[in-house]
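Notes to accompany the following structure.
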Amino acid sequence: MKKLISISLAIVLIASCFVFAAHASTLKYSVRIEGSEKNLYWSNWELSDEGSDPINLTVADVLESVSNDTSNNVTIKGAKDGYITEVNGEKNGAFGGYDGWMYSVNGKVPEVGVNDYKVENGDEIVLYYGDFPCQIPVLDTSMLNEGKIKVQSWDGVYSQDKDGNWVSTYDWAPVAGATLKINNESFKTDENGIANLKGYSFSGKYYIQIEKKSDKGAPQVCRFKSDYQLEINYKSSSVEPETENTTDVKTETKPADIEKTIIPKVADKSLYVGQVYTLSVAVENSVGNTSFISNRKSIASVSSNGKITAKKKGTAVITIKNNKVSTTFKVTVKNPKLNRKTISLKKKQTFKIKITGKNGKQTFKSSKKSIAKVSKSGKVTAKKKGKAVITVTTNGNVKLKLKVTVK
């Protein structure tokens, strides 16, 4: 009886290992880059890999991927060294102070460089230019029934421990002296980070943005996402504004302009076969659902929620439509490539195969193992004089070849 139980348990364990080995790990994250004057980049990413090991990326890896994709029109310098020095020509110290490029993850500023921070599923990564310390704003609407919105930031406070070492703790700090913009109206935050809406009435969803700059013009608060909206339902006890000029500002709003549907232009994308990319498009004043259409589904398909899947090498045009308004952009799908197409080795020499644009599981096979063998990880070892071809299968069923000559 004990032997039967042991056999059954072994079968269960083997089956469990098999299921785990076939598991596909997925990493989803978003990247936003805010320059001193405008947003430079914003996109959602989704990477999948068939295997039991999690996808291991640092923020530096992510930023390098954005920079290496020429369709993004973003050039980032310094990621490899863990310290961003320049983005699109905007260098640290441009305003003559402690201003420069910083980054946050999920609203907090990490204490390590971009090459040491490991990206986790669901992370929101923001690279931004600001005057140190630049605050990451968060809205507190708990006092909205009183006509007040509080703006605060999850800031690090530095202090010394009993051994004299500097340590940091995080706590909420007010974002004071900032300008909170709600549609066409502007409200200043006080020393407690509170913006008073007295004199105005709001009902519905409103686009919100924030701004605060130093005397030299460097940003002291990071912007919100360009499509950031907040549900505000507040009726002021007095519809008359506190300042006499505010009424004139309010009448500048034109209903016809507000009702117009606007789809922002989307930059052309460059993807590798098997890669999945989710569009993040902020349609202003949308009517009904936004649709996504690919003219060549066999090359790049797109789902109803804007998820693009690269199928095979070629070019496709994606159309985004809403309320008779449309915009298009191109998706160029490329095959992955090897670091070398031909190599020449001496006996016992080795060569590591690297794949640019790889996705999913890779396999390696030698046409003549007695001349050049290849491991499961892509390490080629020269055995004896002759020629062999290493076939690499990746990104679904894309086959790449490496010619090996052993002297």
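For W172, the solvent-accessible surface computed with a 1.4 Å probe is close to 120 Å², ligands and nucleic acids excluded. Computed 3J(HN,Hα) for segment 85-99, one whole-Hz value per residue from the Karplus formula 6.51 cos²θ - 1.76 cosθ + 1.60 where θ = phi - 60°, is 9, 7, 9, 6, x, 8, 9, 4, x, 4, 9, x, x, 8, 7, glycine and proline marked x. For the pair E284 and K205, the difference between a 0.36 nm per residue extended length and the Cα-Cα distance amounts to 27.3 nm. Proximity of backbone amide H atoms, modeled 1.01 Å from N, is registered between Q135 and V221, C222 at under 5 Å, excluding neighbours fewer than 5 places apart on the same chain. Residue-wise HN-Hα couplings along segment 365-370, as the Karplus relation 6.51 cos²θ - 1.76 cosθ + 1.60 with θ = phi - 60° gives them from phi, are 9, 9, 6, 9, 5, 5 Hz; Gly and Pro carry x. Rg then Dmax, both in Å and based on the Cα atoms of segment 353-407: 11.2, 34. If you plug the beta carbon distance of K330 and K38 into 1/(1 + (r/R0)^6) with R0 = 30 Å, you get a FRET efficiency near 0.80. Karplus-based coupling profile of segment 187-196, in residue order and whole Hz: 9, 8, 7, 7, 5, 9, x, 9, 9, 9, with θ = phi - 60° in 6.51 cos²θ - 1.76 cosθ + 1.60 and x standing for Gly or Pro.
Within the straight-line cut-off of under 18 Å between alpha carbons, the lysines reachable from K312 are K269, K297, K330, K334, K337, K358, K361, K399, K401, sequence neighbours fewer than 8 places apart in one chain being disregarded. Relative to the compact-globule estimate of 2.2 N^0.38 Å, the Cα radius of gyration of segment 286-407 comes out at 1.52. Stretching S71 away from T356 to a fully extended chain increases their span by 100.9 nm, per 0.36 nm per residue minus the current alpha-carbon distance. Model label points for N183 and K379, set 7 angstrom from Cα along the Cα-to-Cβ axis, are 6.5 nm apart.
The values are calculated or read from the model by the stated rules, or taken from the named source; none is laboratory data. Everything quoted here is computed from the prediction, not taken from an experiment. Glycine gets a Cβ as well: all are built from the backbone with ideal geometry, and neighbour counts include every protein chain shown. Note: accessible area is taken over every heavy atom of the protein model, side chains too, but ligands, DNA and RNA are not part of it. Shrake-Rupley method; radii C 1.70, N 1.55, O 1.52, S 1.80 Å.
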